[in-house]
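First the structure, in the form of structure tokens, and then the observations on it.
What follows is calculated from the coordinates using simple rules that are stated; it is not laboratory data. Just so you know, these numbers come straight off a predicted model, no measurement behind them. Because the Cβ atoms are built from the backbone with ideal geometry, glycine has one as well, and the counts that use them run over all protein chains shown.
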Amino acid sequence: MTAIGDPDIARAGATVGVIIPAAGSGTRLGERVPKAFVDLHGRTILEVCVAGVVDAAVATTIVVVVPADLVDRARRLVPDAIVVAGGAHRSDSVRAGIDAVGSAADILLVHDAARPLTPSAVFGRVVAAVRSGHPAVVPGLPVADTLKQIEPGSAGGTERVAATVDRDLLRAVQTPQGFTRDALLAAHADTGGLATDDAGLAERCGIPVHVVAGDPLALKITTPWDLRIARDIVAKSPLSAE
């Protein structure tokens, strides 16, 4: 297998697999169906997401991970993808996706179904950075807001500020997150490890993570307000009229 961080991965003609975890319930969205199956101006979020991955033209294999009772429906919606059942936690679903890809890819991207509008260029930047020799790569944006760190245990309706964080050193991280196959396997080797993203698992086991430029269109649909914005973007897109 290719070593973690091996710069020769580009010369080896590395193939790319994309894993799309879509097994979450999306309770904060307030819809009656899991988030990936919510309508986004005539198509589900999942359909728009997979179409974006196909358009990016970087992947030889696409694996979608959904709740077990929605596998058949997902297969009908996204015939370009392999569809498998997910687990109780995001990490479980990603591991199911890794198993489904098998040895078919040397580079693995993990992409949130909830970021269906991610431009193709972001996929290209992440893959190019992994091919250049970085074992783990994430897209990210500079943080615009002033950020305050609060003291733990604040109560009574107010929170005491402990410090103002230097936002110049911060990035709001998006997906797809890219890894050499061995790096992602190492990150998920601890089956008890939980993190909000796969890069966090990689950092935890000592794998260096690098950041490339993200894109505002790679917004994550989490709340009803996010969904409203995404629907508005899709409605005004030239592609929506075709």
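Distance between the pseudo-spin-label points of A121 and D99 (7 Å out from Cα toward the beta carbon): 3.9 nm.
Lys and Arg at +1, Asp and Glu at -1: add these up for the other residues within a Cβ distance under 15 Å of A144 and post the number. That sum, taken over residues with Cβ under 15 Å, equals -1. Largest first and in whole Å, the equivalent-ellipsoid semi-axes of the stretch 1-129 read 26, 16, 12, each the square root of five times a Cα gyration tensor eigenvalue.
Distances between placed amide hydrogens fall under 5 Å for V38 paired with I45, L46, all partners being 5 or more residues away or on another chain. Each of T27, V78, T61 was placed along the dipole of the stretch 1-125 (beta-carbon charges, centred on the mean Cα), and the one lying farthest toward the positive end is T27. Taking amide H positions as modeled 1.01 Å from N, with prolines and chain starts lacking one, the residues under 5 Å from G86 and 5 or more places away or on another chain are V66, A68. Straight-distance candidates among the lysines for linking to K35, with alpha-carbon spacing under 28 Å and chain neighbours fewer than 8 residues away dropped: K220, K236.
With the cut-off at 1.5 for a/c, could you classify the stretch 48-111 from its C-alpha gyration tensor as rounded, prolate or oblate? Oblate, because a/c is 1.5 or more while a/b does not exceed b/c. Debye-formula intensities of the chain, expressed as log10 I(q)/I(0) at q = 0.14 Å⁻¹, are -0.94 (one equal scatterer per alpha-carbon, no solvent). Other residues lying with their Cβ under 14 Å from the Cβ of D92 contribute a combined charge of -1, Lys and Arg counting +1, Asp and Glu -1.
For the chain, the residue among A189, I229, L170 whose Cα projects farthest onto the positive side of the dipole built from Cβ charges is I229. A Cα-only calculation for the stretch 111-242 places Rg and Dmax at 17.6, 53 Å. Whole-Hz Karplus values for the stretch 79-95 come out as x, 7, 10, 7, 10, 9, 7, x, x, 5, 10, 4, 4, 4, 5, 5, 5 Hz, taken residue by residue from phi with 6.51 cos²θ - 1.76 cosθ + 1.60 and θ = phi - 60°; glycine and proline positions read x.
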